[in-house]
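This report concerns only the one structure given below.
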Amino acid sequence: MTLSKEEKKFWQRHFRIEKLEDIPKELPLIGGYGFGDEQDDEYFYFISIRVPIVHEIILNDSYVTDEGVKHMANFKELRLLYLRKHKEITKNSIPFFNQMQSLQSLNITKTAITLTNLVESLDNQSLKEVFLDSEEDEANILDKAFILKERMPKCNIYLNTCFTTENDGSPILPIF
């Protein structure tokens, strides 16, 4: 098997890889804190067809949309998915989050996904924490958080934060 012209161009440009046999079968991390996030849907398409295992994806304001999340659902052992500041990621990505059987931490702050969207369709029992923003009033937040907690009892829901601790190390409590 060989690489198509498009694939070869992709692997050379992003990883300086020339041959199919040099493509890794596992990537511990895609993106990361402090890195430029130039990834897009095509990037995750090409990675997903050749690299079966990715452990963490950390993206901040990249070019990824729901289509890219669909490709991410193909990764085995994906434990952390950080998609902060992605307005093109919508509730259409939630079924893909549900397919990610190893996913433990999901950060979708500053996306188009709302707490209401999660209540309607998020059901991933492997999740331990979800971070998102909410503009709703406190009563609505608590009602919706309760529904999520009943559905996913091992998952903590954090609103309007990206972290579980403050700068001084004190814990930020989940809403449930």
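Every number here is computed from the coordinates shown, using simple stated rules; none is lab data. Bear in mind the structure is a predicted one, so any value in this text is a computation, not a measurement. Cβ atoms come from the backbone with ideal geometry, glycine included; neighbour counts cover every protein chain shown.
Which is farthest toward the positive dipole end of the chain among 46, 163, 118, measuring Cα position about the Cα centre, with Cβ charges +1 (Lys, Arg) and -1 (Asp, Glu)?
The listed residue farthest towards the positive side: 46.
Show me, for the range 152-161, the HN-Hα J-couplings you get by feeding each phi into the Karplus relation (A = 6.51, B = -1.76, C = 1.60, θ = phi - 60°), rounded to Hz, glycine and proline as x.
Per-residue couplings from phi come out as 10, x, 8, 9, 8, 10, 10, 10, 6, 8 Hz.
What is the Cα convex hull volume of the range 92-154 when expressed per residue in Å³? Before the final figure, lay out each step's value.
Values: hull volume 4.6 nm³, N = 63.
Enclosed volume per residue, from the Cα hull, is 72 Å³.
Which of 72, 152, 100 moves the most in a Gaussian network model of the chain with Cα springs under 10 Å?
Comparing 72, 152, 100 in a Gaussian network model of the chain, the most mobile one is 152.
By the gyration tensor of its Cα atoms, with a ≥ b ≥ c the square roots of the eigenvalues, what is the shape of the range 30-95: rounded for a/c under 1.5, prolate for a/b over b/c, or oblate? Walk me through the intermediate numbers first.
Working: a/c = 1.42, a/b = 1.13, b/c = 1.26.
Rounded, because the longest to shortest axis ratio a/c is under 1.5.
Quick one: work out the % antiparallel among DSSP beta bridges in the chain, nearest 5. Could you put the intermediate results ahead of the total?
Working: 1 of 24 bridges.
The antiparallel fraction comes to roughly 5 percent.
Just the ratio, please: alpha-carbon radius of gyration of the chain over 2.2 N^0.38 Å, N its number of residues.
Working: Rg = 17.2 Å, N = 176, 2.2 N^0.38 = 15.7 Å.
Working it through for the chain, the quotient is 1.09.
In nm, to one decimal, how far is the modelled label at residue 9 from the one at residue 104, with both set 7 Å along Cα→Cβ?
3.9
Which loop GluC sites (Glu not before Pro) in the range 76-176, with loop taken from DSSP, have no more than 11 other Cβ atoms within 10 angstrom of their Cβ? Each step should come with its number before you reach the end.
Numbers: sites: 77, 88, 120, 129, 135, 136, 138, 150, 166; in loops: 77, 88, 135, 136, 166.
Hits after loop and neighbour filter: 135, 166.
May I ask you to list the trypsin sites (Lys or Arg not before Pro) in the range 9-76 that are in a DSSP loop and have at most 16 other Cβ atoms within 10 Å of their Cβ? Working shown, then result.
Details: sites: 9, 13, 16, 19, 25, 50, 70, 76; in loops: 16, 19, 25.
The qualifying sites are 16, 19, 25.
Which residues in the range 61-77 have a backbone N closer than 13 Å to a point placed 7 Å from the Cα of residue 121 along the Cα-to-Cβ line?
In the range 61-77, the label zone of residue 121 (backbone N under 13 Å from the point 7 Å along Cα→Cβ) covers 66-67, 70.
Would you calculate, for the chain, the mean residue ellipticity at 222 nm contributed by helices, counting each DSSP H stretch of 4 or more residues as -39,500 (n - 2.57) and dividing by all residues, to the nearest 500?
On the way: 6 runs with 55 residues, N = 176.
Helix contribution divided over all residues of the chain: -9000 deg cm²/dmol.
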